[in-house]
Amino acid sequence: MNNVKVFVLLAGLTALFGAIGMYFGGQGGMMIALAFAGLMNFVMYYGSSKMVLRMYGARTVTAAEAPALYEMVDRLRQRAGLPMPTVAIAPHAQPNAFATGRNPANSVVCVTEGIMGLLSKEELEGVIAHELAHIRNRDMLLQTVGATMAGAISNIAQFGLFFGGGSDEDSPNPIAAILLMILAPIGAMLIQFAISRQREFKADAVGAEIAGRPLGLANALRKLEAGSKQIPMQVAPAAAPLAIVNPLAAFRGAGVTKMFSTHPPTAERVARLEAMTASAA
């Protein structure tokens with residue numbers, strides 16, 4: 001069901017892009033915007049791991065530097081049928097974790113210093129398994145496609161406002177064009193965030209299977225949610241969707257609605273994991 005929802009959301013991005021191109025009537029401009037967004041995301045995709053690690057201020061570690069963490073990742077990645085990822089630690093007190101990399105052979109699993117001091121072994125295994133699930137599901141590729149389409153929508157809306165229409169009769173209504181330039185990127189962002197939320201649900205389910213104990217991840221999510229609200233983390237908003245819980249929760253205003261969130265509600269994620277445990281009993 002999650003995969004179907006993601007397909008529908010991606011189709012929504014594509015339809016929105018096509019509708020904007022049709023409105024402005026500039027197929028050439030639409031292709032230029034898509035090519036530009038694609039080029040930018042191509043560079044980001046192949047340099048994603050280094051860029052994300054830099055955003056979090058993380059450093060890679062060896063088995064000698066972090067033996068317990070390295071052994072845990074190695075054991076769980078074998079269970080998941082994955083090659084050994086690079087292991088990294090971010091110097092943040094907030095408990096959190098993320099995975100990055102363009103494919104399983106070029107992947108990174110990173111945890112913060114705060115998470116290692118907060119979670120039990122079973123809970124940390126659940127978190128690591130969740131990140132390995134992202135790698136196995138190739139979520140970075142999906143996020144890149146979503147980002148490409150969202151970026152293209154923003155570019156074509158702006159391009160159409162300033163260059164759309166070859167004559168006065170063909171030119172779009174300026175008021176409608178301005179509204180489209182404002183609302184289209186917001187719509188694309190909401191769809192992109194929805195894709196991210198569905199990927200988190202999928203990674204929770206697959207991660208619970210890899211770890212073998214859904215309640216370990218459920219208990220970890222409760223602690224991470226509380227920690228993210230109590231301990232601020234300075235990180236670029238673009239890197240926030242990669243983390244297992246929203247690292248910017250401490251800065252989030254009370255008026256922000258669910259649809260603007262990059263992550264599903266933690267209570268809903270926990271309820272799904274508890275349901276997995278109940279169905280397996």
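Checking every residue in the range 111-119 against the condition of being farther than 27 Å from Arg272 by Cβ, at pLDDT 95 or above and not basic (Lys, Arg) gives at least one match.
In the set Phe24, Phe7, which member is over 23 Å from the mean Cα position of the chain (by Cα) and either modelled with pLDDT under 65 or within 20 Å of Glu125 (Cα to Cα) (or both)?
Going through Phe24, Phe7 in turn, just one is over 23 Å from the mean Cα position of the chain (by Cα) and either modelled with pLDDT under 65 or within 20 Å of Glu125 (Cα to Cα) (or both): Phe24.
Considering only residues in the range 71-90 that are within 20 Å of Arg213 (Cα to Cα) and in contact (Cβ under 8 Å) with a residue 24 or more places away in the chain, the one that is surrounded by the fewest Cβ atoms within 10 Å (Cβ to Cβ) turns out to be Gly81.
Out of the strands (runs of 3 or more DSSP E) lying entirely within the range 77-119, which hold 3 or more residues that are in contact with a Pro (Cβ under 7 Å, 6 or more places away or on another chain)?
In the range 77-119, the matching strands (runs of 3 or more DSSP E) lie at 107-112.
Only one of the listed residues (Ala63, Ala93, Ala68) is modelled with pLDDT of 95 or more, hydrophobic (A, V, I, L, M, F, W, C), under 22 Å from Gln234 (Cβ atoms) and surrounded by fewer than 17 Cβ atoms within 10 Å (Cβ to Cβ). That residue is Ala93. Could you list, in sequence order, all residues of the range 40-99 that are of a type in the set (D, E, K, R) and touching a helix residue (DSSP H, G or I) at 6+ places or on another chain (Cβ under 8 Å)? The answer is Arg59, Arg77, Arg79. For beta carbons closer than 6 Å, sequence separation of 6+ or different chains, a first residue in the range 105-120 that is closer than 18 Å to Leu132 by Cα and in contact (Cβ under 8 Å) with a residue 24 or more places away in the chain and a second that is assigned to a helix (DSSP H, G or I) and of a type in the set (A, V, I, L, M), the qualifying pairs are Ser107/Ile135; Val109/Val73; Leu119/Ala220.
Could you tell me whether Ala64 is among the small types (Gly, Ala, Ser) and outside any loop (DSSP other than H, G, I, E, B)? Considered against the rule, which asks whether it is among the small types (Gly, Ala, Ser) and outside any loop (DSSP other than H, G, I, E, B), Ala64 comes out as no.
The values are calculated or read from the model by the stated rules, or taken from the named source; none is laboratory data. Small disclaimer: the values here were computed from a predicted structure and weren't measured. Using ideal geometry, Cβ is built from the backbone for each residue, glycine included, and neighbour counts are taken over all protein chains shown.
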